[in-house]
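Structure, as structure tokens:
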Amino acid sequence: DEQSNVALSVLVIYEPNYNGGAGVSHGGIEDLLSFAQEEADDDSDSAQSNPSTQSTSSQRGRFIIILSDHEKTDLPYIISTLDIPPIRVKLNRQSNKMASVNDPLYRLAGTLIRSVGQVIDLSDKKDTTEVDKEVSDNESESGPEVTNDAQKHSSDRPAIHIVGHSLAGAVGALSANILDGSLPMPAAEGTSEKRWSGFARDRVSALCLGCPPCMSGIEVDFVTSIINGDDVVCRSSYKTLQRLYGRTERSIKGGILGKGVGLMSDAARLTVTGLTSGSSKKQDAHLAVPGRVYLIRPRRLGGGSSSIHEVGGSISGRENFRAAVLWQLNDVLLSKSLWKHHSQSSYIRSLDRVQLKGFSDA
């Protein structure tokens, strides 16, 4: 995308024999636990009684879209992309509900959908003219929330699963929200492709590793984001970076004698900020990591195993308190592992060492 100056590589894999779940029932932590439970119990009856693990009667097929960010090892480049004030997007023409998004990543998500649209729409090609006409007739009345023929029979349509790391993960999350209809399709000069918003309602999902804060004002369950330890990218947005600049300036002004005191007061200030940000009801006040968010604590358990915790979103109480005070997910806390934990290889190692409660290796 020339406007956003972010380059991605895209690999689309089609599995015609896939007949599993889609949307919320595909690719999340619960999906992983359901498979683990089936292996541990070997109980087919319990699997059949759980609608989230049931397969459809026919082979629906699945598209897996794998995104790779060309600059995922260039921290200054990533920071420059994230250090941009978010833009506000109107979700529905009939209401004043708004969401905030990272502008260059949002526009790149639109470019991605236009690029892969001809591929993921192949199974629906015979219905394209009819769907386009229906959306065109209804768009002016109800905006992107309109349902069309492609949405009415989502259980018979191919599942779409998007995977990405770093900035590519953010583009994948934003693309999934557009395809599900949670976000409108970003406008592009000389094009009119509003039908993509909601095109894959209830059958799209995304798994994002090391995803930066890229949207707010929308809560979705079909996006799963994984944060590895102290990963700085997952904590970097325009707002948190501005606070980091301010803290750094105050520390420098403190001089040599005030340096230690400045660092201690900075840690205390971060704790207060984390409590305020973590408990705030104003979800659209700053960008956040999208979807259901899970934090991996590398090598926290015995034997080098890692623990995993769900944080933010609908989670409250003890876990949200931990996220705000101990894990500093709402601010950039400088540590020796902040960049090392962002690497793709570090995510793979940490995920491989995760010990799920209630399950053990055979």
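The values are calculated or read from the model by the stated rules, or taken from the named source; none is laboratory data. Small disclaimer: the values here were computed from a predicted structure and weren't measured. In case anyone asks, the SASA skips ligands and DNA or RNA and just uses the protein heavy atoms, side chains included. Shrake-Rupley method; radii C 1.70, N 1.55, O 1.52, S 1.80 Å.
Annotations
- Residues whose amide H falls under 5 Å from that of N92, counting only those 5 or more places apart or on a different chain, are K97, with hydrogens built in the peptide plane.
- Sequence of I160, I348 from largest to smallest accessible area, 1.4 Å probe: I348, I160
- Taking amide H as placed 1.01 Å from N in the peptide plane, A288 has its amide H under 5 Å from the amide H of C214, M215, S216, each at least 5 places away in sequence or on another chain.
- Heavy atoms of Y245 accessible to a 1.4 Å probe, total area in Å² rounded to 10: 90
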